[in-house]
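The values are calculated or read from the model by the stated rules, or taken from the named source; none is laboratory data. The structure presented is a predicted model; accordingly, all values stated were derived computationally and were not measured. Here the Cβ positions follow ideal geometry from the backbone for every residue, glycine too, while neighbour counts run over all protein chains shown. Please note that ligands, DNA and RNA were not included when accessible areas were found on the heavy atoms of the full protein model with its side chains. Shrake-Rupley method; radii C 1.70, N 1.55, O 1.52, S 1.80 Å.
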Amino acid sequence: MNRLAIALAAATLFTACSVSAEDQPVDRSATAGILLVGNKGEDTLSFIDLATGREIARRNTGKNPHEVAISPDGRLAAIVSYGAEHIDIFDIAAHDLIETIALTPGKSPHGIVWLDDGRIIASTEGSDSITIVSPPSGAEQKREINQIPTGQKGSHMVVVTPNKSRAFVSNMQSGTITVIDLAENTKIKDLPAGTEPEGLAITPDGKTVWVADRRGDLLRIFDAVSLEELTTIKTGKFPIRVAISPDGKTAVTSNLGDGALGLYDVETRQPKGTIKVSGTQQAAQVTILYSSDGTRLYAAETGLNRIAEIDMIKGELIGRLAGGTNGDGLGIANALKANKTD
């Protein structure tokens, strides 16, 4: 074989070996739903059809959109506007903005949860509080807006127990978790939670709350009833988010510092591996979200304007979805899609 032939063969082999996961076709035969992505760098919301992997619409939002919550019936999406101090409500199938909810005097909303009784709860970081929005009622479909102070700084993310009795709020600057009684709308107490707690998740059985202490590279686990800290687990670099699988068996951290996912057994509270996503801090990997069946996980690579798609059965990256600038907040809905692409 002459030198040119050898060189061509080597180049072909190198190219074949260099094909990455995102270049391979993704089997979407069992994938359904609409992925909503809040693009905080351009003030828009992307609608991505998971059956095709294509963005089918993009709509304007308030300034600096962050977290996304889906209505109990899967037909509406709520997205907070951190820089505009309101919540935008979108009809998912129609891709239309249908309502804007002012949170005044709440400021800088960030985390958001839509409860199955219709209430929407947002952490209002700029006013050291959470804000509770009632379902619309009466002929004029009015909503009531109520605030519960945390008395802590940097009230950033919020989760609620399955029975809706308590909310847990991560206070980044104070290094605490605030526990709120949602029946009495009062603060119960603050829990010391390390250097800079941010990501929060609660197990489906409502028994434990998992807190990502991003500066400490730790997971802190609390009993959701007694509020006792049960243990800590060492993580990868800068765990900025934590999610629990729908079956309650696996906790996952989004490690911004090393562009990977950390996996942890919920029952034994022991590490059980990692999944490399980008492998670099420059991807600015932030929000993570499980599909409803737990087979896929989506990770916002905010610095690269894309969403990584991970097969959680195989434990590997299988592709990437294009979104808008600095996509961060994620939500998945199974509502019917509009027929047209726009």
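According to a simple spin-label model (label point 7 Å from Cα along Cα-to-Cβ), what is the distance in nm between Gln270 and Asn146?
Output for this residue pair reads 4.5 nm.
With charges only on Cβ, +1 for K and R and -1 for D and E, what is the dipole size of the chain about its Cα centre, in debye, rounded to 20?
600
Counting heavy atoms of the protein chains only and a 1.4 Å probe, report the per residue accessible area for region 63-191 as a whole number of Å².
The answer is 39 Å² per residue.
Taking only C-alpha pairs under 8 Å that are 6+ residues apart, what is the relative contact order of the chain in percent?
Normalised by residue count, the contact order of the chain is 14 percent.
If you count only protein heavy atoms with a 1.4 Å probe, what accessible area per residue comes out for region 268-322, rounded to a whole Å²?
The answer is 44 Å² per residue.
Within straight cross-link reach of Lys237, meaning Cα distance under 24 Å, which lysines are found once same-chain residues fewer than 8 apart are removed?
Lys40, Lys153, Lys249, Lys272, Lys276, Lys314
If you project the alpha carbons of the chain onto their three principal axes, what span does each projection cover, largest first, in Å?
Principal axes ranked by extent give 81, 48, 31 Å for the Cα atoms.
Have a look at Thr232, Thr186, Gly303 and report the one farthest towards the positive end of the charge dipole of the chain, computed about the Cα centre with Cβ charges (Lys/Arg +1, Asp/Glu -1).
Gly303
Just to verify a number: FRET efficiency for Lys189 and Asp116, C-beta to C-beta distance, R0 = 30 Å, to 0.05?
Efficiency at R0 = 30 Å is approximately 0.70.
Can you work out the FRET efficiency for the pair Asp247 and Lys107, with r the C-beta to C-beta distance and R0 = 45 Å, to the nearest 0.05?
The pair Asp247/Lys107 has a calculated efficiency of 0.75.
What's the carbon and sulfur percent of region 249-342's accessible surface, probe 1.4 angstrom, rounded to a whole number?
46
Kindly state, to the nearest 0.05, the FRET efficiency for Thr100 paired with Asp293, given R0 = 41 Å and r defined as their beta-carbon distance.
So the FRET efficiency works out to roughly 0.80.
Got the relative contact order for region 158-285 handy, in percent, Cα pairs under 8 Å and 6 or more residues apart?
14
Within region 283-326, which trypsin sites (Lys or Arg not before Pro) sit in a loop by DSSP and count at most 12 neighbouring Cβ atoms inside 10 Å?
Qualifying residues, ordered by number: Lys314.
Kirkwood hydrodynamic radius (Cα pairs, Å) of region 35-113?
Taking every pair of different Cα atoms in region 35-113, averaging 1/r and inverting gives 12.4 Å.
Using θ = phi - 60° and the Karplus curve 6.51 cos²θ - 1.76 cosθ + 1.60, what whole-Hz ³J(HN,Hα) does each residue of region 206-221 get, with Gly and Pro shown as x?
x, 8, 10, 10, 10, 10, 8, 8, 5, 6, x, 6, 9, 9, 10, 10
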